[in-house]
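Everything on this sheet refers to the single structure shown next.
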Amino acid sequence: MASEEHKKLSDYIKSVHLSLRKSSSKLGADTAWQEHCCKVDTLSKYAECMQKLATTHWETNCNSDTSEATSRIKWAVEFCHEYFNNQLYKKYRDKELEISQSIGLQVELEESFSEPIKLLDVGSCYNPFKVYNMFDVIAIDLCPANSSVLKCDFLNVAIGNCHIIKDLTATQLQQESFDVITFCFLLEYIPSSELRIAACEKAYKLVKPGGILIINTPDSKHVGANSKIMKCWRYTLAQIGFNRIKYEKAKFMHCMAFRKSLDKKIAQRWALLYKEPYMEYAIHIPQDSNILDDEELDTTQHIDEDSVLDDFQELPFN
Ligand SMILES: C[S@@+](CC[C@H](N)C(=O)[O-])C[C@H]1O[C@@H](n2cnc3c(N)ncnc32)[C@H](O)[C@@H]1O
């Protein structure tokens, strides 16, 4: 059974997501977001709960032999190792060069990555990537859970010629300076499709050509249940200039890696060729059209830890 502490953490996390979605449907996402970012006490209690939940319950499950839970952090680390250290990026570069020749596009750029790999972890909370030597991490969050994370609202941070960091706060990040950007359980926190798209567009400007954006989003349903939504994500990211190069439906989440094409037109070509009638420029989650269900959700309803199917049930999208 879930411990009392786990129930409390989980209920608090759920209540914050629910309240943000409700105020977003009432006031509009922009106003709701501004108000949300001013709730200092709520954000710091959320940070404390999230860190505890992630470092105790989730990690224990991911390391247990009986659970089928995949660690979102390990998935990202392993893919980065394959892509940068084992030079998987060359395979995708060659593919892009082939496509560009076939459509008469002049591509002169070459990837140039750093060692250690420069990683921007957005919505980091407690900096889970800090322990990996292969990365030079900048971790940012609305409300850091510890001092290795910079305070920063990614939706409102400036992009310029250098990072501007003062008093553990990032107000500007350098364009095209990161090899990899991670959105681990970030997008479903953000209350509208437009704001989620704005976050992905920002990532596009910050990542180097040929660099990657890793997105993990929780979903305990079977692979087909939300497949149309996930295809829309792929379509939208392609329009922005990101090619999806890895997709895995793990038991409790979708794990995706997107490569910033050496030329935007290469990724956009995929969107053009594979567009299906239901695909739209949108990054939705099931709750966007389901606020009534949410309102009825009983936040005192506890998750049953006996059932591994309930993993990540704290987060939206499930
Ligand atoms: C569900 S938690 C995930 C934490 C961590 N990435 C993990 O996987 O354990 C989402 C985090 O994203 C942060 N966040 C949401 N929107 C953000 C934004 N616009 N800028 C920075 N952080 C944001 C929240 O404060 C929260 O800590």
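When you look at Asp153, is it modelled with pLDDT of 95 or more, out of contact with any strand residue (DSSP E or B) (no Cβ under 8 Å at 6 or more places or on another chain) and among the charged types (D, E, K, R), yes or no? Yes; evaluated as a whole, the condition is true for this residue. Contact map, the stretch 172-193: residues that are farther than 21 Å from Lys208 by Cβ paired with residues that are near the ligand (Cβ under 8 Å from one of its atoms) and assigned to a strand (DSSP E or B), Cβ distance under 8 Å, separation 6+ or inter-chain. Pairs shown: Phe185/Asn216.
Checking each residue in the stretch 131-147 for being surrounded by 15 or more Cβ atoms within 10 Å (Cβ to Cβ) and within 13 Å of the ligand (Cβ to nearest atom) picks out Val137, Ile138, Ala139, Ile140, Asp141, Leu142, Cys143, Pro144, Ala145. Please verify whether the stretch 169-180 includes one or more residues that are in a strand (DSSP E or B), within 25 Å of Ser44 (Cα to Cα), within 13 Å of the ligand (Cβ to nearest atom) and touching a Ser or Thr at 6+ places or on another chain (Cβ under 8 Å). Among the residues of the stretch 169-180, not one is in a strand (DSSP E or B), within 25 Å of Ser44 (Cα to Cα), within 13 Å of the ligand (Cβ to nearest atom) and touching a Ser or Thr at 6+ places or on another chain (Cβ under 8 Å), which makes the answer no. Across the stretch 108-130, the number of residues qualifying as open to solvent by 30 Å² or more (accessible area, probe 1.4 Å) and either at pLDDT below 95 or hydrophobic (A, V, I, L, M, F, W, C) (or both) comes to 5.
When the stretch 184-204 is filtered for residues that are more than 8 Å from the ligand (Cβ to nearest atom) and not in a helix (DSSP H, G or I), the ones remaining, listed by number, are Pro191, Ser192.
Scan the stretch 269-292 for residues that are touching a helix residue (DSSP H, G or I) at 6+ places or on another chain (Cβ under 6 Å) and within 25 Å of Leu105 (Cα to Cα) and the total you get is 3. Cβ-Cβ contacts under 6 Å between residues 6 or more apart (or on different chains), taken from a first residue in the stretch 16-34 that is more than 20 Å from Ser44 (Cα to Cα) to a second residue that is open to solvent by less than 20 Å² (accessible area, probe 1.4 Å), are listed as Ser24/Ala32; Ser24/Pro191; Ala29/Pro191; Ala29/Ser192. So in the stretch 19-35, with the set limited to residues that are open to solvent by less than 30 Å² (accessible area, probe 1.4 Å) and under 19 Å from the mean Cα position of the chain (by Cα), which one is nearest to the ligand (Cβ to nearest atom)? Here the residue is Trp33.
For the stretch 149-162, the set of residues classified as surrounded by fewer than 15 Cβ atoms within 10 Å (Cβ to Cβ) and more than 9 Å from the ligand (Cβ to nearest atom) consists of Ala158, Ile159, Gly160, Asn161, Cys162, listed by residue number. Residues that are among the aliphatic types (A, V, I, L, M) and closer than 17 Å to Asn85 by Cα within the stretch 117-133 comprise Ile117, Leu119, listed in sequence order.
Of the residues making up the stretch 175-187, those that are under 14 Å from the mean Cα position of the chain (by Cα) and open to solvent by 10 Å² or more (accessible area, probe 1.4 Å) are Cys184, Phe185, Leu186.
Among Thr56, Thr70, which is the only one that is modelled with pLDDT under 90, under 28 Å from Arg259 (Cα atoms) and open to solvent by 20 Å² or more (accessible area, probe 1.4 Å)? Answer to the check: Thr70.
The values are calculated or read from the model by the stated rules, or taken from the named source; none is laboratory data. Since the structure is predicted, the reported quantities are computational estimates derived from the model, not experimental observations. Quick reminder, even Gly has a Cβ in these numbers, built from the backbone with ideal geometry, and neighbours come from all protein chains shown. For accessibility, only protein heavy atoms count, side chains too; no ligands or nucleic acids. Shrake-Rupley method; radii C 1.70, N 1.55, O 1.52, S 1.80 Å.
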